[in-house]
Amino acid sequence: MRCHLLNGELYFYQYFSVMKKISLIALAYKRAGLVLAVMILSLGINLWVINQHIHQINIAQGQRALNQYAQNISQQLQFYRSVIKQLARQNEAQNILTMNDVTAAQEWAQRQQHYLPHNIGLALAGLDGQVLGIPVELRLGPSCVADLHKKNLHQSLTEPLVHRDNPRLAHFDLTEPVTDSLGQEMGTLFVSFSLDSLQAALTHSVLPQETLILLDGSGRVIAQAGATSSDTEILRHEIGVPMSAWRLELIHAEDNTVPVYLALGGANLATSALVIVVFVTITIAMVRLFMSELDRVKSLLDEIHAGASITMTESPIKETEKILPVIQAIAQNIQDKQTKLVELSLTDELTQLPNRRRFNMELERACNLSQRGVEVALLLIDIDRFKQVNDSAGHAVGDRVLQLLAACLRHDTRKTDLAARLGGDEFAVVVTNMRKDHLSAWAQRLTADFQAALKGDSLTAANPSCTLSIGAAFAECAATRDPAELFRRADQALYRAKERGRNCLEVDQTKEPGTPN
């Protein structure tokens, strides 16, 4: 029994001794297998992390794009609101509501409809919610009229309201209170805009493999653009459109990159360690080169964003070489548009003279110069009987009268002076270094040139009755060196010229306090 036990122990000892011994090749295989296992695990983890990172990037990019799309819709709504706010401030609209003149309201509304982009309907309503005019002729549907009554009853309405009673005239409504000079509400301006404008905005904004859906407050679709493929992963984002009760939804495709990474990892693991090392080395070099090109492109985009001029150099990569001219063209396009926007924001569209904003800037600059001893004068010019000519001969003749006066101002003012259109038939000239005794001759020359221009133009030759009333004020004392005060005194002088019978020059006679008259 004892012998059998000893023989058994020897057998097991010899067996395990053999098992512990292993050849170098087998050990290499074992270690290689372990390395491969670690590489597979690392590769799997890396692929999962990369896939999650790309997924988060797709989500972040989609959210940023959606925010920008929502801002674009909001800016379009703000543009419409600013337009109707300007209409609501018109004196004519206030006078119509004061007189409760239905006929004038109908004519005014139909006239204004021609100037509003994508306009469906426009009307004035009194404080009782009644439309001044015939709703059908003003293109107001029953839903629009009902909303006005609800607004009059102070019922809660989430603007912009969307109406689809007539699919061909589907629209959204905006309202603006009309107030008098004391801020008291006199009525409501009601304007409808076509949903086609929103559809066009979405169509212009949407990118390939994207779907944009604009929803109203109740979740109904207002407009939709784009399409996504059904065989890809889908990401959805939703955000509220600022300054409205609407919501915007973005649906875009997300490419599944995991199979690509797995195939690449399998190919790498199927090769030898040397090939893997070479491949990784080459890959790192290529990634570094590509990232350097991306950094270069980012630097160019940063320079464009900062408004600086960019310098293009040759690229060793053909793909980047194709992108650089596009970036340069975009930069030039942005610069041209910015320059044009600045010019448009400071120029009156009809007369091509500087507008009120540019005038305010130059008047303040001139008043600062007057504090340094430079003689500065402000002239306010009003066309007499312009409204009569405009009403009797038409807006085309009225516009031509304004253009002729603008041409005369450009001809009769110096390069150091500024002639501007303030609005309507009111113009202004800021002059420097002009003596008071020369002002009358200048005004007479301007009036004569203006009369000659009216008689020599085919449109205005039959209506040469427009003359000029001019009010002038000099910034020659502390009381008139403030832009607002200088403008007020010039305006008072213009008012006195009107009272004297028009077609004359009136100069403000303000003196420094304590100066003998």
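Here are some notes:
- Placing pseudo-labels 7 Å out from each Cα toward the beta carbon at ILE54 and ARG496 gives an inter-label distance of 8.0 nm.
- Cα gyration tensor, region 380-517 - rounded (a/c under 1.5), prolate or oblate: prolate
- Added length on full extension, which subtracts the Cα-Cα distance from 0.36 nm per residue, ALA227 to ALA448: 73.1 nm
- Taking every alpha-carbon pair under 8 Å whose residues sit at least 6 apart, region 119-161 reaches a relative contact order of 34 percent.
- For ASP437 and HIS395, a Förster radius of 41 Å and the Cβ-Cβ distance give a FRET efficiency of 0.55, rounded to the nearest 0.05.
- Taking only protein heavy atoms and a 1.4 Å probe, the accessible area of region 112-246 is 53% carbon and sulfur.
- Carbon-plus-sulfur accessible fraction, region 379-517 (probe radius 1.4 Å, protein heavy atoms only): 50%.
- Per-peptide average of other Cβ atoms within 10 Å, ordering 409-420, 174-185 highest first: 409-420, 174-185
- Shape category assigned to region 424-494 from the gyration tensor of Cα positions, a/c cut at 1.5: prolate
- Modelled FRET efficiency - R0 60 Å, ASN166 with GLN371, Cβ distances, 0.05 increments: 0.45
- Translational diffusion of region 26-167, µm² s⁻¹ [Kirkwood Rh, Cα pairs; Stokes-Einstein; 37 °C; 0.692 mPa s]: 161 µm²/s
- The fraction of accessible area contributed by carbon and sulfur in region 31-109 is 59 percent, rounded to a whole number (1.4 Å probe; ligands and nucleic acids excluded).
- Ranked by how many other beta carbons lie within 10 Å on average, peptides 54-63, 347-356, 160-169, 241-250 from highest: 241-250, 347-356, 160-169, 54-63
- At R0 = 41 Å, FRET efficiency that the Cβ-Cβ distance of LYS298 and HIS204 yields, to 0.05: 0.95
The values are calculated or read from the model by the stated rules, or taken from the named source; none is laboratory data. Everything numeric in this text was worked out from a predicted model, so none of it was measured. Ideal geometry is used to build each Cβ from the backbone, glycine not excepted, and the neighbour counts take in all protein chains shown. Note: areas computed on protein heavy atoms with side chains; ligands, DNA, RNA excluded. Shrake-Rupley method; radii C 1.70, N 1.55, O 1.52, S 1.80 Å.
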